[in-house]
Each structure stands twice: as C-alpha cells, then as structure tokens.
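The values are calculated or read from the model by the stated rules, or taken from the named source; none is laboratory data. Bear in mind that the values here come from a model prediction, so they are computed numbers and not experimental data. Note: ideal-geometry Cβ built from the backbone for every residue, glycine included; neighbour counts use all protein chains shown. Remember, those area values only see protein heavy atoms, side chains included, never the ligands or the DNA or RNA. Shrake-Rupley method; radii C 1.70, N 1.55, O 1.52, S 1.80 Å.
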Amino acid sequence: MSKIICSAAIRGAHKIVGQAEEKLKKTIEEKGADTKVEFPNTGYYIPITYSMTGIAVQTLNDFEKVLKEAKGLLPPIPKGEHHLPYLGHTLDAGMATLFAEEIIEGCRYLVGPNPVNGIFLGAADDIILRERGIEFVDGTAPGFAAVVGAAPTNEIAVKIARELQEKNLYVFMSANTNGISFAEQLAEEGVQLGWETRLVPFGKEITSTIYSLGFASRAALSFGGVKEGDFRKNLIYNKNRIFAFVLALGEVDDEKYANAAGAINYGFPTIADTDIPEILPTGVCTYEHVVSNIPHDEIVQKCIEVRGLKVSVAKVSIPVSYGPAFEGERIRKDDMQVEIGGPKAPAFEFVCTKDVNEVEDGKITVVGPDLDEIPAGPGVALGIYVEAAGRKMQSDFEPIFERRMHHYLGEAQGFFHMGQRDIIRHRISKEAFTAGLRIEHIGTIIHSKFHEDFSAIVDKVQITLFTKKEDVENKLVEVRKAYHDRDERLKGMSDETANVFYSCTLCQSFAPTHVCVVTPERSGLCGSVSWLDGKAGYEISPTGPNQPIEKGKVSDDKLGQFEGTNDFIYNNSNRELEKVSLYSLMTDPMTSCGCFEAISAMLPMANGIMTVDRDFQEMTPCGMKFSTLAGTVGGGLQTPGFMGHSKYYMSSKKFISADGGLGRLVWMPKALKDEIGDMINETAKALGYDDFVSKIADETVAQTEEEVVEFLEKMNHPALSLEPMI
C-alpha cells in the first residue's frame, strides 16, 4: 500500500471534520440546536450515519453525536515519512470524512449554500431511490460510477460519459477540478443531465460525494433488509451487491483522498487519470484499491475490470448509441426532426403470431416514404406491424412483446417513445436524423431485441413499417379488432381457473427472503410483472426468476393459502417464511423487497385501510410518510397490517378479499384516485358499491385518521358497516 495515500487521506479527513465542526457551530448559532434537519424526502434520516451507527439524526443537536463519532475515528496525522503498517487507519479516516460531510451537507440545506442549485440536484429522495433501485435489481443498471473532478476537456468528458451510459451504468457526479465540474462540462456541450439519462449531478463540492455513497447505504437498508447500525453487514452488502467505483479525474488533493478512503470501506475502488500513488494489493475491495495514470480512452474499461463488473451490452446495428441510459432522454420541440402519432396522426404498434412458413426472418419493409422524404415536424403517421413465429410462440405473449417495444425503441439515442398500442407518440431528434437514423432502423431494433430477449420463444421476426396515413388507417381496422379480442380473452382469466401461479425472485439479489407470487388477479408488486409475463419469463429462461408454482391443495381458500405456494415460498425464501396469504394484509401478508408501487396500511379507527403510492411525499393518516412505511414492509419483511403491492392490484376483486376487500379502502392520495379511479369504480360496482371512489378520503379532505373517520361518516362509506378488522 502507499503511505502517501494513507497520510493524505488522514490529513484530508482532519480538514473536513474541522469544516464540519465549524459549519455545525454556525448553523446552531443561527437556527438553534432543536432545529429539524434532514435530506428532503428521505426516510433513513441522514443515511450513512444512520446505516453505520444507528444514530437517527432529527435535529442539529443530534449532529453533535455524529461529530463526536467522526472525531473518535480520526487517527493522528502522520509526521514526516512515518509509515502506516496497515489500511485500518485510512479506512477510519475515510468513514470520519463521510460522517463529517453529511453534517456539512445537512447544514447546507438549512443555511446554504443550498445543495440544490442550477444543474446540481443534491440528495436523491426516496421516490428516486425506489424507482431507480429496481434497475440495480433487474440488471439494467449493473452499477454506478462516482465521477469526482473534471476531465481535461469537454470533449473527453462527453466521451467518458457516453461510454459509461453505453455500459448502462449510472454516473453520479461531484466535486471539481480547478473550479470546473464534470457535470458543467457535459452541460456546456448540451448533454442532457438528470436521473432520466443516468447522468446525475449531485453537487460541485467534494462534500456532495456523500450523496453517491448515501445512495448505496440506503439501498442496503431499503432493499437488503440490513438493519440500521449494522455497519459490517451494510459494507459487505455494498461490496457484494452494489457494483460501484470512484472515477477520479484531474488533481487529487487531500480531501479527495479522504473521500476515496471512505469509498474503499464500501468495497468501491478508485481509478484515476493522474499519476497518483496506487494501492494494488487486494483486501477490502474485490481487486485493487487505487489504480492510477489510466489513459482516458481506456479508463472506463479499466474501472469495470478493477471493480469486477459484469457488463452485457446489446449490439444493435443502428447509427446512434443504444442502451437503457438513453431511455429517459427527452426531445424538445426545437430539437425534433419529426413527431410520430400523437393527436395529429394515426399510429400503432402491433405484434401478431404467425406460422413459421409465413415469416421471413429479418425482413424489414418500409411501405411509404422514409424520413428523408418526410417533411420535418409533427403529424407523421406510422404503423409498426410485427409478425413473430416460433414453435413456442403463443398469442398470449403478444401484449408482452408489444410492451417491451417501449423500452427497446426508447433506448436508441435520439428516439423518444411514449404510449403503446394505437395511442403512441414518438419523437426523433435532429441529431439522430443527421447521424443517419431512419424508419427502417425501428425494424432493426425490434428484430435484434426480440431475438436477444425472446430467443427461446421466437425463431423468426418480420417487420413492416407503414408511413402513409391511408395505409396506417386501413391497417388499424385489423389491429384494433385484435386488441379487442385479446382483451376479452384475458378478462376471462382468474385465480380459480389457473392451476399454476408464477414466482418472481428477481429482487432476491437485494432482498434474499422475498418471493413474489404472481397470479392472474395479482400482478407483481412492482407493477411490471403480470401472470402472462411470468409465463413468458419461464418459457424464455426455464431456470430464471419466473418459475411455475403448482397451486396444489387449498389450505385456506379465504386467505388465499395453497400447499404449493407455501411449499415454494418456504424453499425459496432461505426457509425464512412458512406461509403467505395472497388475499390478506392482516394474516401472513406477502413480503416486499422495496420495489412496490404502493403500500397499504391498516387504519384501526376507520375500520379500513389507507393506500399511498411512492409519488405522494406528504404525511399520511397513519402518521408515517411513504418513505417510513417502506422501511416497515421492505427488505423481505412480513408485517401484518402492512403490505406493498402494485397500483393496479387495487382494481382486482382479490385485493385483500380475506379482510373485507375493496370496501376497506378509506384513504388514498388524490393523484392516485385520478389515475386509477375509473378502474376501482368498475371493480367496486361489480362488488355492489356504487360511486365508490367519491367515498374514499384523500389529502384534500382528511390528513389525520380522525378526519378520515369524519369524512367516512359523512359519505356513508361501506367500511363503517363491515365487521371489525381486529
């Protein structure tokens, strides 16, 4: 190891802890020791401190305890050429640095300068954490790069950022070199920043690096079931499951060394473009700890190698970059070459099953003009007609293929995709058009990705792309009839008629004891896995996360317990769970990892339940925000009275049917009512409740449980006449 790095890291830690002490003192003088402090809309208090020490920072006074912890970890500053015989002192200095930086950043939210400023976003809130966390679970994001500093030129910065995006990595940016940050370099070149494009500028100061490591700590708490204060499990979890690294650009001063030491605690190595001392022996990190002097055209690949990342990148033969990082890209009107569909033109995306002899694999036909002959602007008609054939291809899989096209097409740089079926709106950017992207390439993407992801099902894929308005309108007659017939077929499916359910254990990479049981009437709690998705997933990968579950004998028909499901859950939850009720949140409810779209919780006074989705950030009538509730049910926990689930499960007749069903729903956010109210009303009407949604309280009429009860009495809500829940 290098004594130079160790000495520099310790010096840097002393500087940052000193800054934290001064910042805290001034903030307390200005605001008072009892002033509330937080990273906005985060449920794990000040996350690194909470995860490592168990200290729940709620006021500035609590930061005094954190400062004491940081000072207690500080080793003495080495004098002269004194050699440090092991890495322990450096690791302690690194952790002291992180605690101190959380103090500094927390105080900045109170007295400034505010971490949220211009392009800089500050701490990720819990909505972002859970929305983006699923991508670390399903592998679409294999890890993240914490980029510290700035590249020598804007051109090099863009090249590095694009390469990281193409590897599907998130890019968390902090600090600066000589007053210039990596994020500012990208912004100057017109690169779109934000969570949508995975280029996340946390802050310009070195202290904002803690938002990257805080994200990792929160992932362990939220998805991994790691308890607060269990620093050992938190660090081991991050080393083994959150594949991150520090990419240091430009001069590395003492403070940056101190942050690198903090990252090493997590098993995150540092790779630098400058000639700094290295720490090559393995130990805390999977491979080397610090690697330096790497050329810019090799640095991304070197980062992947040193961290031990396994990156699988789709090879799609189109003239623009391709990958999930580009799916969140937005194309403004002024940057748009054409707009497809929308209110001004007919458009559709359709997949149908054909006999093998009817399909010529790889045949892509554009019927009508291509982009070269289409005037720029809105109003472009497009019909995407895909014919798929294969021995295992089934008509039940058609809607799954169609939904996947949203991701496939949106992952092309310069292609914005929205909607599905015959309600779509796409934009192609001028930059992509100039690079050579054409209508024909839509077929190229679909053909490549269908074969890549569905090779176990499809043998041949043929695509016809209609660009004349009259051709699209004529084809829509056939397509809409197929949509209708498909919907009617799916409506007839029920849990009773299915002999097989499907598991989803994808999230076990984060929550080892969690098992989703997906049925025809209960989708996966993330909202993205239906029973048909599970069936297709098993066909695609017979050894993958979607496995068939034979229902077997009924153990309890009301609760939704079956011998087959209970046996499967017991054997696939590390033998932690013996049984799960599919239709109850009061008795043995299904576990959650942390990717749920919504949470339901009992409101005893109201004799019902409230449901809150992750987009609602305010306090709920149960006295907890979504983020706090998420900590109650996430990480594979089974907590009676609380349950994570998808939003659309609320419109199922099986929704907590063992506990009284939909009639128990007494409160939900207004935005959620507006989103799925029609579906809830339709199900409620079938259950005998008329105009049901109007009887459900929301935050505009009730913010406490007492106010909920008052509203229910006024509206004569059916929950009041049901038998007691407890």
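Mind running the shape call on the stretch 607-726? Use the C-alpha gyration tensor, a ≥ b ≥ c as the square roots of the eigenvalues: rounded below 1.5 for a/c, prolate if a/b tops b/c, oblate otherwise. Mind dumping the intermediate values first?
Numbers: a/c = 1.38, a/b = 1.23, b/c = 1.12.
Cα axes put the stretch 607-726 in the rounded bin.
Taking only protein heavy atoms into account and a 1.4 Å probe, give the accessible area per residue of the stretch 218-311 in Å². Walk me through the numbers on the way to the answer.
Numbers: 3510 Å² over 94 residues.
I get 37 Å² per residue for this part.
T365 to M493: FRET efficiency via 1/(1 + (r/R0)^6), r the Cβ-Cβ distance, R0 35 Å, to the nearest 0.05?
Details: r = 35 Å, r/R0 = 1.00.
Computed FRET efficiency for T365 and M493 comes out at 0.50.
Roughly speaking, to the nearest percent, how much of the stretch 118-193's 1.4 Å accessible area is carbon and sulfur?
For the stretch 118-193, the apolar C and S fraction of the accessible surface comes to 49 percent.
Excluding same-chain residues fewer than 8 positions from K354, which lysines have a Cα within less than 30 Å of its Cα?
Partners found: K315, K363, K392, K449, K460, K468, K469, K475, K481, K491, K535.
Once you put a point 7 Å from the Cα of V116 and another 7 Å from the Cα of R330, both along the Cβ direction, what distance in nm separates them?
1.5 nm
Would you please classify the overall shape of the chain from the alpha carbon gyration tensor, given that a ≥ b ≥ c denote the square roots of the eigenvalues, rounded means a/c under 1.5, and beyond that prolate means a/b larger than b/c while oblate covers the rest? Write out the running numbers ahead of the final one.
Working: a/c = 1.81, a/b = 1.23, b/c = 1.47.
Here the chain falls in the oblate category.
What are the aspartates and glutamates whose alpha-carbon lies under 18 Å from the alpha-carbon of K23, with same-chain residues fewer than 8 places away excluded?
D34, E38, D62, E64, E69, E101, E102, E105, E205, E255
Going down the list K71/K167; K233/K256; K551/K714, which pairs span over 32 Å between their C-alpha atoms?
On the way: K71/K167 39 Å; K233/K256 26 Å; K551/K714 43 Å.
In this structure, K71/K167; K551/K714 exceed 32 Å between Cα atoms.
Compute the Rg/Rh shape ratio of the stretch 33-145: radius of gyration over Kirkwood radius, all on alpha-carbon atoms. If you can, show how the numbers build up before the last one.
Working: Rg = 16.9 Å, Rh = 16.2 Å.
For the stretch 33-145, the value is 1.04.
Given the DSSP H assignment, sum -39500 (n - 2.57) over each helix run of at least 4 residues in the chain and divide by its residue total; what's the result at 222 nm in deg cm²/dmol, nearest 500?
On the way: 20 runs with 266 residues, N = 726.
Using -39500 (n - 2.57) per qualifying helix, the result is -11500 deg cm²/dmol.
Ignoring ligands, DNA and RNA, what accessible area per residue does the stretch 9-103 give at 1.4 Å, in Å²?
45 Å²
Could you compute how much accessible surface C507 exposes when probed at 1.4 Å, giving the result in Å² to the nearest 10?
Answer for C507: close to 20 Å² accessible.
For Q337, what residues show an amide H to amide H distance below 5 Å, using hydrogens built from the backbone and excluding near sequence neighbours?
Long-range HN contacts for Q337: I428, S429, K430.
Could you please state how large a percent of the accessible area of the stretch 197-308 is carbon and sulfur, counting protein chains only and using a 1.4 Å probe? If you can, show how the numbers build up before the last one.
Details: 1710 of 3530 Å².
That share works out to 48 percent.
Name every cysteine in the chain that ends up alone, with no second cysteine's Cβ under 4.7 Å, or say none.
Lone cysteines by the Cβ rule: C6, C107, C285, C303, C352, C622.
Just want to confirm a number: the relative contact order over the chain, from Cα pairs under 8 angstrom separated by 6+ residues, in percent.
Computed value for the chain: 10 percent relative contact order.
Could you report the stretch 469-583's accessible area per residue, 1.4 Å probe, as an integer in Å²? Spell out each step's value before the answer.
Working: 5490 Å² over 115 residues.
Result: 48 Å² of accessible area for each residue.
Could you work out the local net charge near G341, counting Lys and Arg as +1, Asp and Glu as -1, over the other residues with Cβ closer than 13 Å to its Cβ?
It works out to a net charge of +1.
Under 5 Å between amide hydrogens, which residues at least 5 positions from K363 or on another chain qualify, with H placed 1.01 Å from N in the peptide plane?
Those qualifying (amide H under 5 Å, at least 5 residues apart or on another chain) are I463.
Which far-off residues, 5 or more places away or on another chain, put their amide H under 5 Å from the one on V37, with H placed in the peptide plane?
Hits under the 5 Å cutoff: T59, L60.
Can you compute the FRET efficiency between E69 and Q703 using 1/(1 + (r/R0)^6), with r the Cβ-Cβ distance and R0 = 41 Å? Round to the nearest 0.05. Please list the in-between numbers first.
Working: r = 37 Å, r/R0 = 0.89.
In this case the efficiency is close to 0.65.
Antiparallel versus total DSSP beta bridges in the chain: what percent is that, nearest 5? The partial results should precede the final answer.
Values: 43 of 79 bridges.
Roughly 55 percent of the DSSP beta bridges within the chain come out antiparallel.
Over the Cα atoms of the stretch 395-438, compute the convex hull volume and normalise it per residue, giving Å³.
Working: hull volume 3.2 nm³, N = 44.
Expressed per residue, the convex hull around the Cα atoms of the stretch 395-438 is 72 Å³.
Peptides 660-670, 13-23: what's the order by average Cβ count within 10 Å, highest mean first? Numbers along the way, then the final one.
Details: 660-670: 23.6, 13-23: 20.6.
In decreasing order of mean packing, 660-670, 13-23 become 660-670, 13-23.
Quick one: length gained pulling N474 to Q420 fully straight, 0.36 nm per residue minus the C-alpha distance? Please list the in-between numbers first.
Working: separation 54, 0.36 × 54 = 19.44 nm, distance 1.85 nm.
Additional length available on full extension: 17.6 nm.
Carbon and sulfur atoms: what percent of the 1.4 Å accessible area of the stretch 400-531 do they account for? Don't skip to the answer; put the middle values down first.
Values: 2640 of 5270 Å².
Its accessible area is 50 percent carbon and sulfur atoms.
Between the stretch 399-420 and the stretch 283-309, how many Å separate their Cα centres?
Computed from Cα coordinates, the inter-centre distance equals 33 Å.
If you place +1 on the Cβ of every Lys and Arg, -1 on the Cβ of every Asp and Glu, and leave all else neutral, what size is the dipole of the chain about its Cα centre, to the nearest 20 Debye?
Numbers: 74 positive and 103 negative charges, 173 e Å.
The dipole magnitude comes to about 820 debye.
So for the pair Q58, H484, with labels modelled 7 Å out along Cα→Cβ, what separation do we get in nm?
5.9 nm
Per residue, what volume in Å³ does the Cα convex hull of the stretch 347-468 take up? Can you show the working numbers first?
Numbers: hull volume 11.4 nm³, N = 122.
That works out to 94 Å³ per residue.
For T153 and A376, compute 0.36 nm times the residue count separating them, minus their Cα-Cα distance, and round to one decimal in nm. Don't skip to the end; give the middle numbers.
Values: separation 223, 0.36 × 223 = 80.28 nm, distance 3.39 nm.
Using 0.36 nm per residue and subtracting the Cα-Cα distance, I get 76.9 nm.
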